[in-house]
1. Going by the structure shown, is Lys125 part of a helix (DSSP H, G or I), farther than 30 Å from Leu88 by Cα and among the charged types (D, E, K, R)?
2. Do we find a residue being among the charged types (D, E, K, R), exposed (fewer than 10 other Cβ atoms within 10 Å of the Cβ) and at pLDDT 95 or above anywhere in the stretch 149-171?
3. Answer yes or no: is there a residue in the stretch 67-75 that is surrounded by 14 or more Cβ atoms within 10 Å (Cβ to Cβ), closer than 22 Å to Met26 by Cβ and in contact with a His (Cβ under 8 Å, 6 or more places away or on another chain).
4. Which condition does Glu168 not pass, out of (1) assigned to a helix (DSSP H, G or I); (2) over 30 Å from Leu48 (Cα atoms); (3) not aromatic (Phe, Trp, Tyr), if it passes all the others?
5. So which residues in the stretch 86-95 are touching a residue at least 12 places away in the same chain (Cβ under 8 Å) and more than 16 Å from Gln114 (Cβ to Cβ), if there are any at all?
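The values are calculated or read from the model by the stated rules, or taken from the named source; none is laboratory data. Not measured: the values here are computed from a predicted model. As a convention, Cβ positions derive from the backbone with ideal geometry for all residues, glycine included, and neighbour counts pool all protein chains shown.
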Amino acid sequence: PGPPHPPAAPGPLPERKEGGEAKDNMVRQAIDHLRRERPARFEELMNLRRANPKAFEEELRNLVQQWRERHPKERAPTLPEELRARELSWRYHDTQDEAERDKLRAELAEAVEQAFQARVKIMEKRLETMEKELDTFRQRLEQLKANREPICKGRTEELLRPPELNWEGGGW
């Protein structure tokens with residue numbers, strides 16, 4: 001097995017503050033990145049988590065702040081199904097019990113399937129919206145083409161009038 005991953009937090013979840021989900025996502029993204037890109041630093045952080053939870057929280061705040069500075073773009077929220085898959089992955093890597101690993105592997109496969117289906121559904125909705133917008137755009141284009149002559153005549157007359165006779169340039 002690879003390096004350990006942070007397990008799900010024990011006990012009840014703390015009360016969520018405004019923007020809590022986005023912050024949780026950012027923490028998870030920062031930790032995932034650290035685990036992939038700097039495994040030794042990730043291991044130090046996990047050791048600190050076990051040895052000194054208060055220092056770990058402070059270090060985690062610093063890590064998230066650094067992540068924000070390096071990734072200033074607004075990020076799409078992570079799907080709950082994807083968060084569930086990540087949590088199961090972390091739990092899988094945290095346990096040495098083979099029976100528990102088998103159970104978690106099966107749960108992870110199902111969570112990944114659900115995350116995939118959720119992404120497909122989002123893409124289908126997005127495509128449907130884009131198709132409606134495209135249909136509307138085509139209709140407007142056809143209207144413009146059908147009314148070419150009066151539109152061009154009106155605009156020509158507008159441009160030929162002295163500015164003081166135009167609505168915008170009348171100074172009133």
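1. Spelling it out, it is not the case that Lys125 is part of a helix (DSSP H, G or I), farther than 30 Å from Leu88 by Cα and among the charged types (D, E, K, R).
2. At the first step, the residues of the stretch 149-171 found to be among the charged types (D, E, K, R) are 149, 153, 155, 157-158, 161, 164, 168.
Next, only the ones that are exposed (fewer than 10 other Cβ atoms within 10 Å of the Cβ) stay: 149, 157, 164, 168.
Okay, now just the ones that are also at pLDDT 95 or above, so 149.
Within the stretch 149-171 (the criterion being among the charged types (D, E, K, R), exposed (fewer than 10 other Cβ atoms within 10 Å of the Cβ) and at pLDDT 95 or above), the answer is yes, since at least one residue qualifies.
3. Looking through the stretch 67-75, at least one residue is surrounded by 14 or more Cβ atoms within 10 Å (Cβ to Cβ), closer than 22 Å to Met26 by Cβ and in contact with a His (Cβ under 8 Å, 6 or more places away or on another chain).
4. (1)
5. Matches in the stretch 86-95: Trp90, Arg91, Tyr92, His93, Asp94.
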